[in-house]
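The values are calculated or read from the model by the stated rules, or taken from the named source; none is laboratory data. Keep in mind it's a predicted model, so treat the numbers as computed, not measured. Here Cβ is always computed from backbone atoms with ideal geometry, including for glycine, and neighbour counts include all displayed protein chains.
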Amino acid sequence: MATGSILLPNMAAQPPDSAGPALSVAKGTHTAPERFSLIASFDAATDQHLWWTIQVPDNYASGGTFRLVWEANATSGSAIWGASVGAVTAGDADTPIEHNQNTATTTTTAVNATEARRLVETTIAPSMDSMAPDDLVTVLIYRDANNGSDSLAVVANLWSVILEYTTT
């Protein structure tokens, strides 16, 4: 068995009607050709969410851990990130619209204290809702900014989300 991974790009994220982070293009310092990246900027005071929908690959065996790669313009403070999953198998009584997400799991991660805007990685392992190959899965990632333990007083910029799992 090995580790498989699925990139959940910000470009594929579905913000909610309200409480979504600002999605903006960050321009790199490169010239000829210029490089641009889509980042999701999660507010410092308001809970904000993003959704992705993926199909589970055939080589999925078990597990599921999300790696969030993010940064902030700060050298102190911690952000609380959360994740939940809702998996629907063909033939389920629930449709993907009706199916409830599993209870969310949260984790607290400190920013890089050496230098502002250095990348930080947060790992979250939520309950995977009996996920199986070919399931249609809805992923929710959020910042729990109004939680008293979230001490990061600035925007947290999410660069990428990666789902890692054990393969067959």
(request) Collect the residues in the range 3-61 that are in a loop (DSSP other than H, G, I, E, B), of a type in the set (G, A, S) and surrounded by fewer than 16 Cβ atoms within 10 Å (Cβ to Cβ), keeping them in residue-number order. (result) S18, A19, G28, A32, A45
(message) Can you say whether A32 is aliphatic (A, V, I, L, M) and within 28 Å of N147 (Cβ to Cβ), as far as the supplied structure shows?
(response) no
(message) Regarding the range 104-111, can at least one residue be identified that is at pLDDT 95 or above, outside any strand (DSSP E or B) and either surrounded by fewer than 21 Cβ atoms within 10 Å (Cβ to Cβ) or on the phi < 0 side of the Ramachandran plot (or both)?
(response) yes
(message) Go through the range 2-18 and report how many residues are farther than 24 Å from A125 by Cβ and touching a Ser or Thr at 6+ places or on another chain (Cβ under 7 Å).
(response) 0
(message) I'm checking my understanding of the structure. Among residues of the range 153-168 that are among the β-branched types (V, I, T) and under 18 Å from V137 (Cβ atoms), which one is surrounded by the most Cβ atoms within 10 Å (Cβ to Cβ)?
(response) V161
